[in-house]
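Could you have a look at this structure, given as structure tokens, before my questions?
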Amino acid sequence: MLPEGFLSRKKQGFAVPVAEWFRGELKERTEESLFEPDGLLNLGHLRKLWDRHQEQVQDHSAILWGVFMFRQWQRTFGHRPSAVNDPSGSFTRA
């Protein structure tokens, strides 16, 4: 039933279409998340990367994905734009 050598071949990865998702079904959600001011990221530079990606000038999906995941981490663990990093290592409200 399976092709010859199928079970003994090396593992193969697969591509995830993140670049297309950022131009499609994840565009609005990602854009809202990326450009929320927090004083940590250079939003001007991030906007240039985002725009070039949207215009399909250059694929910046890897860095955009990393920033998007960072933003999700911030939301999950309570760091909001109005939060200030406390020297003790915890986040507190300003």
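Mind ordering 31-44, 59-72 by average Cβ neighbours within 10 Å, highest first?
The packing order, highest mean first, is 59-72, 31-44.
Is the C-alpha gyration tensor of the stretch 26-81 telling us rounded, prolate or oblate? Criteria: a/c under 1.5 is rounded; beyond that, a/b larger than b/c is prolate, otherwise oblate.
Here the stretch 26-81 falls in the prolate category.
Additional query: Straight-line reach from residue 27: which lysines fall under 17 Å, measuring Cα to Cα and dropping same-chain residues less than 8 apart?
Result set, ordered by chain and number: 48.
Note down the magnitude of the dipole of the stretch 1-64 about its Cα centre, charges +1 on Lys and Arg C-beta and -1 on Asp and Glu C-beta and zero elsewhere, to the nearest 20 debye.
400
Bear in mind that the values in this text are calculations on the coordinates, not laboratory data. Since we're looking at a predicted model, the values are computed, not measured. Here the Cβ is made from the backbone with ideal geometry for all residues, glycine too, and neighbour counts use every protein chain on show.
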